[in-house]
Each structure stands twice: as structure tokens, then as C-alpha cells.
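A.B. asks: The structure follows.
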Amino acid sequence: MTEIYFVRHAEPDYRIHDDMSRPLTEKGRRDCRLVTDYMKDKTVELVVSSPFRRAYDTVCGLAESMGLEVICMDAFRERKITDGWLDDFRSYSERQWMDFDYKLENGECLAEVQERSVAALNTLLTAQPDRTIVIGTHGTALSAIINYYDRTFSYADFQKIAGLMPFITHFSFNGNACVLIELVNLFSGEISIRLRKGV
């Protein structure tokens, strides 16, 4: 079995509009400890991250504590909305979830985000079988991945986790087949199962 722990980044500083360089807030930096504490009894063998600063910074402390380097994979980056800053994110996001092909000029649709993210995940599953891997990523990108394996995961579910930063989703794979998806609330300790299949 390959165990994948996707880590949605901690709280970012939205005053910085550049998606690539947006840092964590002071609270976000403190909350990264929740990720390290949760993963400390897992035998993590590989740490991968989106190249975006907020995702990388959320998992770098965990990697350092385990003597690992963080490997950046561009395919796990967040969805590009458009070239500028979007004020009405909620309406845009809801429309994207209603139509996975909807996008703004020079942006990405959810179908594109899902395709590149799952392709990168499959590359890891093939190259690193039967290992425990942490992947630092983003809310929309992670939600698109969950939806790929669990089509019942909807905009309403996305909204439920929108304010949870950091947040972990644990996937178990038998080969490239997903057999378990667990959502982990690091603040409450609650774990909810989205998918469970016989191995």
C-alpha cells in the first residue's frame, strides 16, 4: 500500500496578491506545527510540494524534522484563476464547481487542474510504490483530486473545508487504485471517511 498525505497549506497572507510568492501569516507559520505533530508517528519517506511558497513553507518544517528534503512538483500548484486579482472568489468558485470546464481568460478550469494533479499523483504512485509520501498543496487543487476518486465530493464539501488551513487528506492506494480517503481536521482531531473500498 502507498500512503499519501496531502497537506493543504496553512493560513496565507492575502494582502500579497502574487500567487507564487504569497507567504503564510504569523498564525499560519505557528499552525504548521500541527502538520508536524500529526505526522510524527508516520514513517514519512518522501516530501513533495507545490512550488508556491505557502505550500512549501507548510511542509518544510516536517521535512526538516525527518531529515528529508522537499521536492517541488509544479503539477501540484494551485489553480490559476486569471492574470489579475479576483474580488468575488465565491461566485467564481461556485460556477467552476457547477461546470468543470468553466474558466476565466488565461486561467484554468477544474478539469485541467484535476487532470494535471492526478497525472502527477499517478507518476508518484508508479515511481514510489508502497511508501509514505507527504504532498504540500492547495485547497482547490486538493478538492479536485478528491473529486476525481469520489465524485460525490461537491462544492458544498469544498466550502466545508475552505477555512481549514492547514488541512490533511489521507489517501491509501493499492497500486494506482484508491482504496481509502480520510479527511483530517488538525484543529479538532476529527477524521471523516470519504471513501473506503475492499483491498
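The values are calculated or read from the model by the stated rules, or taken from the named source; none is laboratory data. Because the structure is a prediction, the values reported are computed rather than measured. Glycine gets a Cβ as well: all are built from the backbone with ideal geometry, and neighbour counts include every protein chain shown. Calculation scope for accessible area: heavy atoms of the full protein, side chains included, ligands and nucleic acids excluded. Shrake-Rupley method; radii C 1.70, N 1.55, O 1.52, S 1.80 Å.
A.B. asks: Suppose a student asked you for the relative contact order of the chain, using Cα pairs under 8 Å spaced at least 6 residues apart; what percent would you report?
C.D. replies: 29
A.B. asks: Right, another one. Let me cross-check K40: its accessible surface, 1.4 Å probe, with only protein heavy atoms counted, in Å² to the nearest 10?
C.D. replies: K40 exposes around 150 Å² with every protein chain in place.
A.B. asks: Rounded to two decimal places and with Rh computed the Kirkwood way over Cα pairs, what is Rg over Rh for segment 21-111?
C.D. replies: Reported Rg/Rh, Kirkwood definition of Rh: 1.06.
A.B. asks: Skip the ligands, DNA and RNA, and give the accessible area per residue of segment 144-199 with a 1.4 Å probe, whole Å².
C.D. replies: About 45 Å² of surface per residue is accessible.
A.B. asks: Next up: Set the bar at 24 Å for Cα to Cα. Now go through K103/K160; K80/K197; K27/K160; K42/K80 and name every pair that lies beyond it.
C.D. replies: Among K103/K160; K80/K197; K27/K160; K42/K80, the Cα-Cα distance tops 24 Å for K80/K197; K42/K80.
A.B. asks: Mind ranking L62, L68 by accessible surface for me, highest first, 1.4 Å probe?
C.D. replies: Output order, biggest surface exposure first: L68, L62.
A.B. asks: Alpha carbon centre of segment 1-43 versus segment 127-199: separation in Å?
C.D. replies: 15
A.B. asks: Here's a follow-up. Largest first, what is the accessible-area ranking of R90, R15 with a 1.4 Å probe?
C.D. replies: R15, R90
A.B. asks: Per the helix-only calculation at 222 nm, which mean residue ellipticity applies to the chain, given -39500 (n - 2.57) for every DSSP H run of n ≥ 4 and division by its residues, nearest 500 deg cm²/dmol?
C.D. replies: The per-residue figure over the chain is -11500 deg cm²/dmol.
A.B. asks: Match the structure shown to one of the listed values [x] 8, 31, 31, 17, 9, 3, 0; [y] 9, 38, 39, 13, 1; [z] 7, 27, 30, 20, 8, 4, 2, 0, 0 of P(r) over Cα pairs in 10 Å bins from 0, in percent, computed from it, and give that label.
C.D. replies: Structure-derived value, by its label: [y].
A.B. asks: At 1.4 Å probe size, with no ligands or nucleic acids counted, give the accessible surface of R53 in Å², nearest ten.
C.D. replies: 120
A.B. asks: Then there's this: At 1.4 Å probe radius, can you tell me the per residue accessible area of segment 1-62 in Å²?
C.D. replies: 46
A.B. asks: Let me check something: with ligands and nucleic acids excluded, how do E26, E45, E182 order by accessible area (1.4 Å probe), largest to smallest?
C.D. replies: Sorted by accessible area, descending: E26, E45, E182.
A.B. asks: Counting only protein heavy atoms and using a 1.4 Å probe, what share of the accessible area of segment 112-167 belongs to carbon plus sulfur, as a whole percent?
C.D. replies: With neighbouring chains kept in place, the figure for segment 112-167 is 53 percent.
A.B. asks: Could you tell me what percent of the DSSP beta bridges with both partners in the chain are antiparallel, to the nearest 5?
C.D. replies: 60
A.B. asks: Then there is this: May I ask you to give the percent of accessible area on segment 21-104 that is carbon plus sulfur, with a probe radius of 1.4 Å?
C.D. replies: 48
A.B. asks: Which Cα, out of N185, I161, G136, lies furthest along the positive dipole direction of segment 97-199 (beta carbon charges, K/R +1, D/E -1)?
C.D. replies: N185
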